[in-house]
Ligand code: SAH
């Protein structure tokens, strides 16, 4: 870890005034470097301010709206969401709205991430497929609960960045692949649960096929240009059960699914 010392300060007076240097710009720089180094070394736990924001977020935005699954609440209280959004808006990471993550995409509002995760009804140890990695935040939340998470992102730049963030934070059970999630991840099928975090006008057939018997598929189903119904489909032999949970608005699923437009 490299921390600027008083000698290294640009004011050039540190040697004789070490205390004064604490207030100087170089002293401030030293402190911010220290915090940056802690954040990069997996020091997400060393963030009492952000941890308090997370607790408030869980209580006011998530529990207050009816999410009760203790595994989901615990994961939402643990994952450092501020490290998945661009640094200049990290201070807004725990607010009650979606945020831009670059490439014209967004990270969902915390409540929606929690609700979709609860809809998967995970108990721990499952194999989960996510379509639409984006920032990697939803994948990290899943990684806290499930055994293994496989996440596909169609935008290569986002896939690369999310993969790096997850690796830096130590999410060894989450794998990210750049590609079109329409086709799923056949080599790893079947999955106990599948989650799609982009708006789909119809259920991509491969995703239903790659779902294990009794497994759940959660996706925003409907017109990508207006709004969708957050839908839970449970695979039960020939008669899948479909439940509609809430109206939502997601960015559109792109790629193969768009070719099917008439
Ligand atoms: N779950 C993300 C947010 C998803 S935003 C998070 O936690 O940050 C929706 C993402 O779906 C975008 O990044 C978009 O590029 C991606 N996407 C859209 N169509 C896709 C497809 N066919 N396959 C995989 N990813 C897709």
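Laboratory data are not the source of any read-out in this text; all were calculated from the coordinates shown. Bear in mind that the values here come from a model prediction, so they are computed numbers and not experimental data. Virtual Cβ from ideal backbone geometry, glycine too; neighbours counted across all protein chains shown.
Distance between the C-alpha centres of the range 193-225 and the range 101-129: 13 Å, rounded to the whole angstrom. Largest first, the extents of the alpha carbon coordinates of the range 45-259 on the three principal axes equal 50, 35, 35 Å. Residue order for 129, 230, fewest other beta carbons within 10 angstrom first, comes to 230, 129. Evaluated at q = 0.18, 0.21, 0.24, 0.26 Å⁻¹, a Debye calculation over the C-alpha positions of the range 93-169 (equal weights, vacuum) places log10 I(q)/I(0) at -0.73, -0.98, -1.23, -1.35. Computed log10 I(q)/I(0) for the range 182-262 at 0.18, 0.23 Å⁻¹: -0.72, -1.10, from the Debye equation with unit scatterers placed on every C-alpha and solvent omitted.
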